[in-house]
Amino acid sequence: MNKILQMLQLQQQLNDATNGEGWENGVTKNGKRIDWKRCAYLECAELIESYPWKHWKNIDAKPDYENIKIETVDIWHFIMSQALQDYKVKNRGTIDALTRSIGALPNYSAFSGPLEITEKNYYEQIETVEKLIKSLFCETSTEKSIEAFIDIAIQSGLNLDALYKLYIGKNVLNQFRQDHGYKEGTYHKLWNGIEDNIIMQQCLDTQEGITADELYSALEAAYPKK
């Protein structure tokens, strides 16, 4: 459960730094309205686009599972943010309480174990993503959305350990983006023709056990100076 707790704490810190304290009330420090559910379902749409679902285009293509994993982590940012907001605004308890609720979910045991290979076909996998979209707008339970997300993570080839590693990488990258003009529109996501997500993954894979500070320094060294 420590990894779940750490991710929730890091997401809280990132949201506090990016949106200002009190973002749980639905408005950023700049007066922009926050809608985590919209953020999550748009990321779900991007994940679905990584599957060759179109019957009229690239019909022999294969799913882009590396990008599917990245999109899954992006969804996790927003699912956690919605959960943190719900627990704060609805007085449901602390981050520790939210962590315990996640640990009690029926699919958490499978998620926290060894990586599993899904036997679902592409269309069944897409339907799993769509179940999360439905839960965002049809369920009143925060836990139901998290449960639906865990199903997506498992079928995408991510158990808790793998999700944690990628989340830490993406969290550092998000902070790096904010520090380098993401909100102002001056940040460049393509680094010498390569998307920053890929650079981040390469940094994670190059050094085993890389820390958040070391990853940030590696991104700083790789970021184009112009």
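Bear in mind these aren't lab numbers, they're just calculated from the coordinates by the rules spelled out. All figures in this text were calculated on a predicted structure; none of them were measured in a lab. No Cβ is skipped: glycine too gets one built from the backbone with ideal geometry, and neighbour counts run over all protein chains shown.
Observations, loosely collected:
- Percentage, to the nearest whole number, of Cα pairs in region 137-207 over 19 Å apart: 51
- Normalised by the number of residues in the chain, the mean separation of alpha-carbon contacts (under 8 Å, six or more apart) gives a relative contact order of 21 percent.
- Fewest-first sequence of 184, 127 by Cβ atoms within 10 Å of each Cβ: 184, 127
- Residue order, fewest to most surrounding Cβ atoms within 10 angstrom, among 141, 156: 141, 156
- Averaging Cα coordinates gives a centre for region 56-115 and one for region 148-164; these two points are 7 Å apart.
- Fully extended contour minus Cα-Cα distance, from residue 198 to residue 222, at 0.36 nm per residue: 7.5 nm
- You can think of it this way: the chain between residue 97 and residue 2 has 32.9 nm of extra reach, that is 0.36 nm per residue less the Cα-Cα gap.
- Efficiency of FRET between residue 186 and residue 105 - r from beta-carbon atoms, R0 25 angstrom, step 0.05: 0.05
- Of 189/225; 57/131; 57/134; 3/165, pairs whose Cα-Cα distance is over 20 Å: 57/131; 57/134
- Within the straight-line cut-off of under 17 Å between alpha carbons, the aspartates and glutamates reachable from residue 37 are 24, 46, 71, 74, 86, 130, 139, 143, 147, sequence neighbours fewer than 8 places apart in one chain being disregarded.
- For the chain, the dipole from Cβ point charges (+1 on Lys and Arg, -1 on Asp and Glu) about the Cα centre works out to 680 debye, to the nearest 20.
- Residues 39, 203, 44, sorted so that the one with the fewest Cβ neighbours within 10 Å comes first: 39, 203, 44
- Extension gain (nm, one decimal) between residue 212 and residue 21, 0.36 nm per residue minus Cα-Cα: 66.5 nm
- Computed P(r) (all Cα pairs; region 112-163; 5 Å bins; percent): 4, 22, 28, 21, 17, 8, 0
- Shape category assigned to the chain from the gyration tensor of Cα positions, a/c cut at 1.5: rounded
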